[in-house]
1. If you go through region 408-441 one residue at a time, how many are basic (K, R) and assigned to a strand (DSSP E or B)?
2. Does G264 count as at pLDDT 75 or above and exposed (fewer than 15 other Cβ atoms within 10 Å of the Cβ)?
3. Tell me, which residue of region 410-451 that is aliphatic (A, V, I, L, M) and at pLDDT 90 or above is surrounded by the fewest Cβ atoms within 10 Å (Cβ to Cβ)?
4. List, please: which pairs have Cβ atoms under 8 Å, are six or more places apart or on different chains, and start with a residue in region 128-148 that is surrounded by fewer than 21 Cβ atoms within 10 Å (Cβ to Cβ) and end with one that is of a type in the set (K, R)?
5. Can you name the condition, by its number, that K196 falls short on among (1) under 14 Å from T291 (Cα atoms); (2) of a type outside the set (F, W, Y); (3) modelled with pLDDT of 90 or more; (4) surrounded by 20 or more Cβ atoms within 10 Å (Cβ to Cβ)?
6. Among the residues of region 379-407, which ones are over 15 Å from A431 (Cβ atoms) and either assigned to a loop (DSSP other than H, G, I, E, B) or without any contact (Cβ under 8 Å) to a residue 24 or more places away in the chain (or both)?
7. Quick test of your reading of the structure: L234 fulfils all but one of (1) at pLDDT below 85; (2) assigned to a helix (DSSP H, G or I). Name the failing condition by number.
8. How many residues does region 31-79 hold that are more than 15 Å from K279 (Cα to Cα) and either assigned to a strand (DSSP E or B) or among the acidic types (D, E) (or both)?
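The values are calculated or read from the model by the stated rules, or taken from the named source; none is laboratory data. Quick caveat, the model's predicted, so the values are computed rather than measured. Methodologically, a virtual Cβ is constructed for each residue, glycine included, from the backbone with ideal geometry; neighbour enumeration extends over all protein chains shown.
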Amino acid sequence: MAKRTPQPTTAPRERAFLVGVDLFGQKTFLSLGDSLTELALLADTSGLEVIGELTQKLDRPHVKTYIGPGKVEELGLLVEETLTQVVIFDDELSPRHQRELQEIMGRKVRVLDRTALILDIFAQHAHTSEGMLQVELAQYEYYLPRLTGQWTHLERQAGGGGGRAGSTGGVGLRGPGETQLEVDKRAVRKRIAHLKKDLEKVRAHRMRYRAQRKRSRIPTVALVGYTNAGKSTLLNKLAKSDVYVADQLFATLDPTTRRVELPGGYQSLITDTVGFIQKLPTTLIESFHATLEEIVEADLLLHVVDISHPNALNQFESVQQTLDELGAHHIPVVTALNKMDKLRDPAAAKDAVSHFSRAVTISGLKGSGISDLLSVIQETLYETYAPILVRLPYQQGALISLFHEVGQVERIEHGRGGVLMQGRIPGRLLAQFKGWQVANNHHEPEEEEEL
């Protein structure tokens with residue numbers, strides 16, 4: 001009788017309990033229930049098994065434990081009863097909240113918040129050196145105010161899974177009167193400074209690369225959207241490429257650029273960027289600054305919306321708010337209402353077109369609507385003109401020439417330090433003139449009417 005080969009077994013997933021608070025006056029794009037559903041998806045993406053949730057309505061967070069003392073006691077009983085190993089709060093906890101809750105829950109239970117969970121997912125999905133640097137910086141800046149003398153959890157999680165976070169060197173060497181906590185904090189600050197220097201080099205390299213692309217005169221399009229909206233699938237369809245795709249949140253972190261052919265023989269470069277999410281941690285926005293500049297410097301934003309999602313409009317508004325915060329409000333937008341193939345009634349998506357800017361209904365997976373989308377992108381990049389008023393120094397001769405070559409000059413005034421130009425230019429070029437735009441409140445003096 002042949003012996004059976006033992007099959008490898010996967011380790012059981014840690015059990016997680018979710019906690020959500022409905023704060024009076026807090027502006028969110030999702031209801032508490034929908035936000036917890038999203039948090040459960042994040043937990044699943046991180047490799048956790050969600051076994052329950054607890055909610056509370058509050059006027060303001062409790063000063064010590066975020067939720068009220070009664071709820072803390074109830075949470076403790078539920079954690080013990082369900083053998084929970086991880087408690088996840090749907091909002092970012094202050095260092096004090098996290099410290100107090102961790103002490104109450106005990107050493108066998110980890111207390112995390114939404115920010116820490118997202119950071120953990122980013123650490124798992126960062127594969128390039130740039131991505132790992134950005135994630136590691138975000139983790140360190142998040143954990144620095146939370147250090148309590150024991151930061152083995154940081155050593156395990158930071159650095160994109162590479163284990164580099166604890167390699168700051170000299171942690172065991174103390175000066176006179178220094179506590180271990182002070183030594184740890186000094187080591188972390190040193191590592192943060194080092195990471196920022198490395199990322200500044202990345203930023204400089206990206207700036208040089210973008211300048212080279214601009215010289216080629218091929219317009220750039222940034223794919224933006226809520227996480228898991230289908231951006232990577234769409235890029236594969238547009239560029240006939242094989243960018244990694246997975247049906248999970250934050251499947252891709254590192255920007256990927258592909259050349260895409262547009263109708264009429266035109267071309268464009270389309271870059272897939274990191275997906276957005278409600279309550280996107282500020283530490284991530286700051287750490288991914290070099291990557292997010294791909295959005296701010298683009299000639300066009302292609303906003304991908306999962307039209308099959310019940311909260312599609314709320315997700316759209318959440319992304320738009322983040323784009324405004326990044327300073328990308330001046331860039332033309334085309335909206336791709338994606339995942340039409342998942343709708344029971346496709347006509348419903350067509351009815352929703354009027355709610356979005358330059359919207360086209362598509363299925364990135366099936367390929368339907370792609371030709372229409374390419375036509376709208378081509379028209380917006382090459383045929384749509386936007387009004388503009390700029391004051392250009394004479395040293396910016398290339399921009400002055402560009403305005404004359406491709407724009408429609410309606411007014412020009414030469415001054416001592418530069419030239420004031422007013423007219424219309426292709427929408428794709430607005431980003432290049434962003435630093436020189438002036439408010440359009442200059443009026444010629446009017447003649448007084450005769451009485």
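1. 2
2. Working: at pLDDT 75 or above: yes; exposed (fewer than 15 other Cβ atoms within 10 Å of the Cβ): yes.
In short, yes.
3. Just the residues of region 410-451 that are aliphatic (A, V, I, L, M), to begin with: 412, 419-421, 425, 429-431, 438-439, 451.
Remaining after also requiring at pLDDT 90 or above: 412, 419-421.
On the way: I412: 13, V419: 17, L420: 15, M421: 24.
Here the residue is I412.
4. Once the first residue is surrounded by fewer than 21 Cβ atoms within 10 Å (Cβ to Cβ) and sits in region 128-148, its partners that are of a type in the set (K, R) give L144/K185; L144/R189; R146/R99; L147/K185; T148/R99.
5. Answer for K196: the failing condition is (4).
6. E379, E383, Y394, Q395, G397, I400, S401, H404, E405, listed by residue number.
7. Checking L234 against (1) at pLDDT below 85; (2) assigned to a helix (DSSP H, G or I), the one that fails is (1).
8. 17
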